[in-house]
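Working notes for the structure below.
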Amino acid sequence: MGALSQLKDAFKAKAQQVGFTQVGITEAFPAPHIDAFQHWVEQERHAGMAYLARPDTLAKRADPRLILADCQRVICLAMPYLPPQAPLGETRSGYGRVSAYALTVDYHLTIEEKLNELALFLNANAPKAVAVRSYVDTGPVLERAFAEQAGVGMPGKNTNLIIPGVGSYVFLAVMLTDLPLLVDPPFTRDLCGSCQRCIEACPTGCILPDRTIDAARCISYLTIENKSSIPDELKPKVGSWFFGCDACQMVCPHNARPGEHTSPLGDPSLPEFVNLYELLAWDEFTITTRFADTALLRAKRRGLLRNAAVVLGNQGDTNALPLLRRHLAEENDPVLQDAFAWAIRQINGEDA
Ligand code: B12
Ligand code: SF4
Ligand code: SF4
């Protein structure tokens, strides 16, 4: 055990050196709060994210040993990203707001490199060859529930994992391993108490009382993962959010940190407010080039144009009408036609 204890300390030091501010280690099985996840899926709160409800991924979420045979531990890591700069509610006519997590180079790319470095470190220092499977966001692993069990932090009412003194503007990552490292104690403190700020601030009221959200109403889902039209009832609630949403985190007292904010992920590669007139004038190639290596490409041209139309409709500026009309005439896609026609009606009454 002595060697494994030393390895754990050395690993944590290495993880901190590459930029993970928090590291916790926990048992891989049973998966914590899997019943809450299953209930969420049964209630169809996952909206159009069908991959979350597939029997094979459900089974893997319940038991990481189906991902990595002999999996003993889940190493949970957190890396901060830069918080939003402009205040909540700030709007700039003709511009759409991008949530803070998406402003730097796509974290999947940068964090994956760091996880590979950590896997090499484990293998170089362990007494035997070590099997490791790492994920950042993309794997069928309950990242927040494991992070809580590993003592990293606690999911708040808005469901985001909060780390005391750091806040919730962090990315999470997990490393599954067959190495029986010593485990850390779970996080047991409730960081919310009677606070309700996120629930009150959520524009669509999608935060549920059981620490889950109704994804079908969440602006983050509607503007990023959703491949369909944004329902008319929800379009006005999207406000100026062009990609993602930070409202429930911006009001959280745990994110009201004074002083310097830094992130090992580097400076933002995008502005917080994207010029939507420019975007609507770009062809597919320009969009792909301009947003290369950022999370924005996840929504593809179609999703980005849909979101731009909804934001411009919400802002009500008549200067947007010529571009919106041009797109309504040119786009054949029903999702885009719906968004452009709606935006024109919003700005100009019913004569779209
Ligand atoms: C699907 C998904 C989404 C969906 C659904 C989000 C949701 N809240 O369920 C959508 C597209 C809406 C989304 C949005 C965002 N996401 Co997202 N998303 C995921 C993903 C892939 C799975 C989450 C999931 O399983 N949801 C289902 C619910 C039921 O599970 P859960 O929220 O994780 O909750 C579990 C625990 O909290 C646990 N639990 C712990 N304690 C307790 C206590 C009680 C009483 C109960 C009942 C349960 C419970 O039970 C739950 C089930 O196991 C994860 C990555 C991953 N593999 O985990 C990223 C992840 C959660 N997303 C992330 C981010 C950054 C975001 C956004 C902030 C992006 C943005 N700015 O727009 C928003 C935040 C919106 C919000 N309020 O949640 C980060 C969150 C980091 C953090 N600090 O928590 C993650 C971890 C990705 C990463 N690797 O960094 N996301
Ligand atoms: S991301 Fe926005 S819409 Fe989603 S729960 Fe938070 S405040 Fe509500
Ligand atoms: S705003 Fe309040 S209730 Fe919501 S997550 Fe933060 S502390 Fe918890």
³J(HN,Hα) across the range 173-185 via Karplus (A = 6.51, B = -1.76, C = 1.60, θ = phi - 60°), whole Hz, x for Gly/Pro? 9, 10, 10, 8, 8, 8, 7, x, 4, 5, 8, 9, x
Whole-number D in µm² s⁻¹ for the range 207-348, Kirkwood Cα-pair radius fed into Stokes-Einstein, 25 °C, 0.890 mPa s: 150 µm²/s
In the range 199-300, trypsin sites (Lys or Arg not before Pro) in a DSSP loop with at most 14 other beta-carbon atoms within 10 Å: LYS227
What is the chain by shape, rounded, prolate or oblate, if you read a ≥ b ≥ c off the alpha carbon gyration tensor as root eigenvalues and call it rounded for a/c under 1.5, prolate for a/b larger than b/c, and oblate otherwise? prolate
With θ set to phi - 60°, apply the Karplus curve 6.51 cos²θ - 1.76 cosθ + 1.60 along the range 238-251 and write out the HN-Hα couplings as whole Hz, x wherever there is a Gly or Pro. 5, x, 9, 6, 8, 8, x, 7, 10, 3, 6, 8, 5, 8
With +1 on each Lys and Arg Cβ and -1 on each Asp and Glu Cβ, and nothing else charged, work out how big the dipole of the chain is about its Cα centre, in Debye to the nearest 20. 380 debye
Quick one: which residues, 5 or more positions from TRP241 or on another chain, have an amide H under 5 Å from its amide H? H modelled 1.01 Å from N in the peptide plane, none for Pro or chain starts. ARG97
Using DSSP to define loop residues, name the chymotrypsin sites (Phe, Trp or Tyr not before Pro) in the range 227-306 whose beta-carbon has at most 16 other beta-carbon atoms within 10 Å. TRP282
Near the amide H of ALA131, under 5 Å away, which other amide H atoms are found, from residues 5 or more places off or on another chain, if H is placed in the peptide plane? ASP178, LEU179
For a 24 Å ceiling on Cα separation, which of these pairs sit above it: LYS237/LYS300; LYS114/LYS157; LYS114/LYS227; LYS14/LYS128; LYS12/LYS114? LYS114/LYS157; LYS114/LYS227
Report, in debye and to the nearest 20, how large the dipole of the range 14-151 comes out about its Cα centre when Lys and Arg carry +1 and Asp and Glu carry -1 on their Cβ. 180 debye
Could you compute how fast the range 42-147 diffuses translationally, taking Rh as the Kirkwood radius over C-alpha pairs and applying Stokes-Einstein at 37 °C with viscosity 0.692 mPa s? Give it in µm² per second. 193 µm²/s
How high is the relative contact order of the range 197-243, given as a whole-number percent (alpha carbon pairs under 8 Å, six or more residues apart)? 32 percent
Whole-Hz Karplus couplings 3J(HN,Hα) for the range 37-42, θ = phi - 60° and coefficients 6.51, -1.76, 1.60, Gly and Pro as x, run 5, 5, 4, 4, 5, 4
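Rule-based calculations on the coordinates, nothing more; no lab input. Quick caveat, the model's predicted, so the values are computed rather than measured. Note that we place each Cβ from the backbone using ideal geometry, even for glycine, and neighbour counts take in every protein chain shown.
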